[in-house]
2 protein chains.
Amino acid sequence: MRSHYCGDLRASHDGETVELCGWVHRRRDHGGVIFLDLRDRNGLVQVVFDPDTEEAFARADKVRSEYVVRLSGRVRMRDEAVRNAKMATGDIEVLGKELTILNEAATPPFELDEHGGAGEEVRLKYRYMDLRRPDMLRNFQFRSRLTHVVRAFLEGQGFMDVETPILTRATPEGARDYLVPSRTHAGSFFALPQSPQLFKQLLMVAGFDRYYQIAKCFRDEDLRADRQPEFTQIDLEASFVEEEDIMGITENMVRSVFKELLDVQLPEFPRMPFSEAMRRFGSDKPDLRIPLELVDIADLLANVDFKVFSGPANDPKGRVAAMKVPGGCKLSRKDIDGYTKYVSIYGAKGLAYIKVNDLEAGAEGLQSPILKFLTEDAIEGILSRTGAQTGDLIFFGADKAKIVNEALGALRVKVGHDMGLVEGDWAPLWVVDFPMFEEEDGQYYALHHPFTMPSCSPEELKSNPEGALSRAYDMVLNGTELGGGSIRIHNPAMQRTVFEALGISDEEAEEKFGFLLDALKYGAPPHGGLAFGLDRMVMLMTGCDSIRDVIAFPKTQTAACMMTNAPSPVDNKQLREVGVQVRKEDD
Amino acid sequence: MRSHYCGDLRASHDGETVELCGWVHRRRDHGGVIFLDLRDRNGLVQVVFDPDTEEAFARADKVRSEYVVRLSGRVRMRDEAVRNAKMATGDIEVLGKELTILNEAATPPFELDEHGGAGEEVRLKYRYMDLRRPDMLRNFQFRSRLTHVVRAFLEGQGFMDVETPILTRATPEGARDYLVPSRTHAGSFFALPQSPQLFKQLLMVAGFDRYYQIAKCFRDEDLRADRQPEFTQIDLEASFVEEEDIMGITENMVRSVFKELLDVQLPEFPRMPFSEAMRRFGSDKPDLRIPLELVDIADLLANVDFKVFSGPANDPKGRVAAMKVPGGCKLSRKDIDGYTKYVSIYGAKGLAYIKVNDLEAGAEGLQSPILKFLTEDAIEGILSRTGAQTGDLIFFGADKAKIVNEALGALRVKVGHDMGLVEGDWAPLWVVDFPMFEEEDGQYYALHHPFTMPSCSPEELKSNPEGALSRAYDMVLNGTELGGGSIRIHNPAMQRTVFEALGISDEEAEEKFGFLLDALKYGAPPHGGLAFGLDRMVMLMTGCDSIRDVIAFPKTQTAACMMTNAPSPVDNKQLREVGVQVRKEDD
C-alpha cells in the first residue's frame, strides 16, 4: 500500500512521488493550507495540502488526530527558513496529491505527546495508544534487536534453541507457583515454570551439549517495580564446562550486545568474592560506579560504653561499619534526617554520623551526636581506617549484619547519586564464591538453588554446611543482577547430600525430584549454565525506570491486565470441567 | 574440557593429539585391546586402548555403556581393511592415552540403538535417554536451525519480535482454555492463550507495523497424534497490507526454509478456492501429490430407483460423488472390504464401486453390486464424467456432503498411498475464498475466527451470511495445513456485524471484546497476518510421524508428562492461597 515509510524520507527523495500510510500525528491550518504530520513506525513527515488539489484538500480538512490515512504526493525541499533540524525528515515535506481516509479515530483518551501527563492506569487500559509514543516503540525495537544479537551470538557458539514446557510440575525455585488445574487428571495441577532449570539440565543429560532459550518464566510473588508475574530469561546451559567457560561465553555475549546496540565497549569485568562484596559494599550486587565503601569497625567499638555499638560489635551475627562520604560535611541536618528515614526502610533504628569539619583540630573539629560515647582510641581508629579528610562525613551502621548491609548498602547508592559521585556509565562485575546456604532459625536455604555444585566434597559439605561455598557466579551491572548461574551437581550422591542439608527427606526428594535423581544415575555429564533477566537488561540499556516500559502488555502491581480485565470470573461449567470450584469464604 | 567434538574428526586430523568428552556408546574387547565408540552431539568416533597405556587401559576396562568419560589420544588412520564408509569418522580412530571417568551410568532402561524397540511409555519416562538417540537429536538440531532461518527471513523483512502475554484473558478461538486461578483477585482466573491473535492485532493498532513471534499456544483439547496441549506457532501480522502481501511474504519464507534446510526448490503454489478444493478433493487441505479426484454425479442419479443414491442426490445438503482409481480393477474383495471399513470411521454407511473390467464390452464389462440399480444413462454418464478406462475402478460416496467429503477425501489419500500413486515429494498450495461461516443447527460459527474480514460489505453480510466469503488463506502442504491467516476487520461497525451474525449479543461482545472494539475506534490500520504450526512444519520436513518426536518434553494422549509426573496433586495450603478447591464428587 505504500512506497516508503514516512520517517525514511530525506532530501535525496526530492522530486519523487511517494505513497505513504500512517497516522495523523498533528494537523494544522496555516495560511489557507493544511499541514499534516504523518506518523508511521519509522517516524514523522510533514505533508502539505493546498486548495488546488480540491478533493484531497477537502478530505484532509476532515481528518483529525490519529486518523489512519493513505496518501500520495511529491517530495520537495522545504524553504531554508522553515527546515527543522530536530526532525529526521525536517529538510523536506510532501506536497499531497491524493488522500484516502482508511479509518477514523475517536479523540484519544490521552495526549500522545505529553509523556507522563496521563496516569499509568489509563495508559495501561489503552496500552495500544501508549505504545504509539515513539519512545515506547523504540524500546520494543531495541528489545527485538537485542534478542536478535543474543541469538546470533549464542548460535554462533553452537548453542541450540530448544523449547521446554510451560505446563509442567511445581518447580523448586522457592517462589509461589502459578497453578493450572488438569481436566484429564481431576484433582491434579500443572505449574507454570519458575525457570527451565531442570529441563535444561535434563537436556544436558540427553547430550544436547549446548542449549539456549529465550524463555518465559512465572512467579506468583507480590510485585515490586521491577517484577512481573511473567518475565523472560535468556537461559543457557552447556556440558563439559567449568565456571571459566560459562563466564567467558556470557561475558562476551554481553560485550557484543553492548557493542552492537549501544556502541559501548564495556570495561573489564572484575571478579569479586561474595564475602568481599558484602564487606565493602553491603550487597551482593554492588554498584561499582559509586566510590563509597563500608569499613568494619566492630573491633574498635567492642568495649565502648554505648550498647548501640558495643552490642552488635560483640554479637557474632552483628556488624558495625562506617562509610565515609567525601565532602559530606555539606549535608544539612535535613539531608541527614532524610537519610535516617531512608535507612529505616531497611530496619535500621538510626543513622549515626560524624562530620569531620577540621581534621587537624582533634575532637574540636568533629561534629557528631555520638562523639561523647566514643573513646579517643575508637575515634582515632575510625578516622584512620576510613581515611577521612577535612570536609568528609562518616555514616555508621550497627545492628544485625543483615540490617547493616541492607541499610548502608542502599544508603551508599542513594548518597552516591544525590551527591553526584557516580563515576562512569557502566560498571560490570562478576560476584563469585557464594555460600551454598543461608541459615535462618536453624534451617538452611539454598542461596541459589539446590542443584548448584558446592566447591567442596560431600563429606566437607556435611561437616560444615555453613562454611561451604558454591560454584555459582552472578553477573552484576550498575547495582543490578543481570544474570546468575552455576556449575550444577551431576552426581546423585552429591545431590542427595545437598537435599539432606536442606532438610529434604529422601521420600520428599524422590517424590519431587525423582526424575532428576534418576537422570543423574544414567550418565550425566558435568554441566553448568546461566540465566539473564532479559526484561531488566533491556530496561537498563534503554534507560527505562520500570520493566513495564519494556514489556508490551504488562500487569499492574496487583497482577492484573487493565486492558483485557484479566484475570476475570469464569463460568461454573468451565470450572466444573477442570474439577475445581472457587473456595467459599468460610472453607 | 575438549579440543574437538568426537563426530568432527576426519583423516585431516591424522597425527593430532585430541581431547574428547562424551558417552561410551559401545565397548568391545577384541584381541586384548579395548574399543570404545565415544559419542557426543556431533557423532561417534572409535577409540582404541591397548595394554601399553596401563592406567588408561585399566579404566577403559571398567567403563560400561553410557558412562561419561573424558579422554585424550592421538588420531591415526585405520587400516584400509577396517575403514568404515558408513561412519563419518570411519577412516580414522583415536589411540587412547588417558581416560577419566566423569560419571558412571546404570544400565539404560532401554537400548538406545534399537529404534522403536522400547514402548513409548518407557521412552517418555526416560525422555533424556530417548533424546540421546542420534535421530532425535537431529530433529532438534533441525528445529533450531529452522527457527533461525525463519527469524532471519522475517527480521530481514522488517518484522519485529514482540512477546505477548501467557497469563491472559479467555480467548475466543473456540477450544477449551487452560485456566490459572489468581491469588490476588480471588475467584478470578487467567487463561493461557490459544493464540496471540488479539494481542497481535492490538500491536498493529499501536503502529508496530510488522510483528512476529515464535509463540507458545495452549488448547485443552482431547489429543490426537498430531496435537499437544501446548504447541508453537510462527505468528506474524502486518499493517497496510492485502492478501497478496502476506501470502507473498510467507510463501517466500517457506521457500527459503525448504531451500536452506533441505535444498529443495518448492514448486509453484497454486491458488484454489475452498469450493473447488471441496468439490475436487473433498477437503480444504488437499494432498495434491495424489492424482485422484472426486466428480459430482448427483444430477445423474437424482431419479434412479435406489434411495441410497437418489436420497442424497435430492437433498440440498447431500452430495453424490464418484472417484476413479486408475488400475483399481486389481483391488481384491478384501482390499475393498478394508476401504469400506476405513470410510465408516468418517460416518459413511457403505462404499459402492464399479470395476471397469472391459470398457468396450458395455454392461458385461462392468462388475459391481449396484449395477442393477442404475439406469443405462446414469452408467454412461458416470463412465464418461470420470473418464474411466478399462482396468479402472470407481468408488462412490452418497450421503450428507460433510460425510461424503470426509470419507472420500480420506479414502483418496489412503488409496493413493496404498497403490503407489503419490507424485512428487512436495505439493504446496494456497486455499482461498473460504466461507465466513459454517452453519450447524441454525447457528453460525466462524470458519476461521470472528476477526476475519469478509470480502463483502456489512450490508451484504447481513442479508446473506451463508454466501459470504472471507479474506482468509490457508497454506497447505501434502495434505497438511501448514498455516492459516486472513485480512482482519479493522472497523468497529464490521466487527459488530460479524459478532451479530455469530449470535454474540452487544453485551457479550462488550464484556469479552470491549478492548478490541475500543481499539478499533481509535485509529486501527488495515492489517492481516498468518500463523504457522511450527511443530507440524518440523514434523513434515524431518519425516517424523508424530509431533511428539519434534517436541523435547511432550505430553501423552491424556495430557500428562511421564517423566515429571505432571500434573500432580497440590497441597491444600497452596490451593487455599489461590482461592480454589478441588471439586468433590457430588458437587
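The values are calculated or read from the model by the stated rules, or taken from the named source; none is laboratory data. Predicted model, so just to flag it, every value in this text is computed and none were measured. Here Cβ is always computed from backbone atoms with ideal geometry, including for glycine, and neighbour counts include all displayed protein chains.
All of A:THR184, A:THR164 fail the test of being among the hydroxyl-bearing types (Ser, Thr, Tyr) and modelled with pLDDT under 95, apart from A:THR184. When you scan region A:174-194, how many residues do you find that are over 14 Å from B:LEU179 (Cβ atoms) and either outside any loop (DSSP other than H, G, I, E, B) or in contact with a Leu (Cβ under 6 Å, 6 or more places away or on another chain) (or both)? Looking only at that region, the number is 0.
Residues that are within 21 Å of the chain's Cα centre (by Cα) and within 18 Å of A:ASP571 (Cα to Cα) were ranked within region B:146-177; the one that is surrounded by the fewest Cβ atoms within 10 Å (Cβ to Cβ) is B:GLY174. With the requirement that a residue be assigned to a strand (DSSP E or B) and buried (at least 22 other Cβ atoms within 10 Å of the Cβ), what does region A:56-74 give you? The answer is A:VAL68, A:VAL69, A:LEU71, A:GLY73. Counting only residues that are within 10 Å of the chain's Cα centre (by Cα) and acidic (Asp, Glu), region B:534-549 holds 2 of them.
State whether one or more residues within region B:575-583 are of a type in the set (A, V, I, L, M) and surrounded by 22 or more Cβ atoms within 10 Å (Cβ to Cβ). Yes, the conditions are met somewhere in region B:575-583. Determine whether region A:561-571 contains at least one residue that is surrounded by fewer than 23 Cβ atoms within 10 Å (Cβ to Cβ), charged (D, E, K, R) and at the interface with chain B (Cβ under 7 Å from one of its Cβ atoms). For region A:561-571, residues surrounded by fewer than 23 Cβ atoms within 10 Å (Cβ to Cβ), charged (D, E, K, R) and at the interface with chain B (Cβ under 7 Å from one of its Cβ atoms): absent. On the basis of being of a type in the set (Asp, Glu), touching a Gly at 6+ places or on another chain (Cβ under 8 Å) and farther than 24 Å from A:TYR212 by Cβ, does B:GLU121 make the cut? For B:GLU121, the condition - of a type in the set (Asp, Glu), touching a Gly at 6+ places or on another chain (Cβ under 8 Å) and farther than 24 Å from A:TYR212 by Cβ - is not met. Tallying residues that are assigned to a loop (DSSP other than H, G, I, E, B) and within 9 Å of B:THR390 (Cα to Cα) within region B:355-372 yields 2.
Determine, yes or no, whether A:VAL254 is surrounded by fewer than 15 Cβ atoms within 10 Å (Cβ to Cβ), aliphatic (A, V, I, L, M) and either within 14 Å of chain B (Cβ to nearest Cβ) or under 21 Å from the mean Cα position of the chain (by Cα) (or both). So A:VAL254 fails the test.
Scan the strands (runs of 3 or more DSSP E) fully inside region A:378-469 and keep the ones with 3 or more residues being of a type outside the set (A, V, I, L, M).
Those strands (runs of 3 or more DSSP E) span A:393-400, A:437-440, A:443-446.
Note on region A:298-353: residues that are among the aliphatic types (A, V, I, L, M), closer than 16 Å to A:ALA401 by Cβ and more than 32 Å from the chain's Cα centre (by Cα) total 5.
Residues in region A:79-90: is at least one touching a residue at least 40 places away in the same chain (Cβ under 8 Å), more than 10 Å from chain B (Cβ to nearest Cβ) and of a type in the set (Ser, Thr, Tyr)? Yes; the residues of region A:79-90 include at least one that is touching a residue at least 40 places away in the same chain (Cβ under 8 Å), more than 10 Å from chain B (Cβ to nearest Cβ) and of a type in the set (Ser, Thr, Tyr). Residue selection: B:ASP571 fails the criterion of being under 16 Å from the mean Cα position of the chain (by Cα) and not hydrophobic (A, V, I, L, M, F, W, C).
Rundown of residues vs (1) among the basic types (Lys, Arg); (2) in contact with a Cys (Cβ under 9 Å, 6 or more places away or on another chain); (3) on the phi < 0 side of the Ramachandran plot; (4) at the interface with chain A (Cβ under 7 Å from one of its Cβ atoms), yes/no style:
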| position | (1), (2), (3), (4) |
| --- | --- |
| B:LYS125 | yes, no, yes, no |
| B:ARG132 | yes, no, yes, yes |
| B:VAL150 | no, no, yes, no |
| B:GLY156 | no, no, yes, no |
| B:ILE166 | no, no, yes, yes |
| B:ALA175 | no, no, yes, no |
| B:PRO181 | no, no, yes, yes |
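Annotation: of all residues in region B:497-546 being in a strand (DSSP E or B) and within 12 Å of another protein chain (Cβ to nearest Cβ), the one that is farthest from A:ASP130 (Cα to Cα) is B:GLY528. On the given criteria, is A:GLY391 surrounded by 12 or more Cβ atoms within 10 Å (Cβ to Cβ), touching a Cys at 6+ places or on another chain (Cβ under 8 Å), over 17 Å from A:ASN303 (Cα atoms) and in the same structural domain as A:ALA348 (by the TED database)? Taking the combined requirement at face value, the residue satisfies it.
When you check B:GLU500 against the structure, is it free of Cβ contacts under 8 Å to residues at least 12 places away in the same chain and among the charged types (D, E, K, R), yes or no? For B:GLU500, the condition - free of Cβ contacts under 8 Å to residues at least 12 places away in the same chain and among the charged types (D, E, K, R) - is not met. Among the conditions (1) surrounded by 15 or more Cβ atoms within 10 Å (Cβ to Cβ); (2) touching a Phe, Trp or Tyr at 6+ places or on another chain (Cβ under 8 Å); (3) facing chain A (nearest Cβ under 7 Å), B:VAL550 misses just one, which is (3). Residues in region A:318-339 that are more than 20 Å from A:ALA388 (Cβ to Cβ) and out of contact with any helix residue (DSSP H, G or I) (no Cβ under 8 Å at 6 or more places or on another chain): A:LYS334, A:ASP337, A:GLY338. The residues on offer are B:LEU102, B:LEU112, and the sole one that is buried (at least 16 other Cβ atoms within 10 Å of the Cβ) and at pLDDT below 95 is B:LEU112. If you check A:PHE140, A:PHE153 for being touching a residue at least 24 places away in the same chain (Cβ under 8 Å), closer than 30 Å to A:ASP209 by Cβ, among the aromatic types (Phe, Trp, Tyr) and assigned to a helix (DSSP H, G or I), only one passes: A:PHE153.
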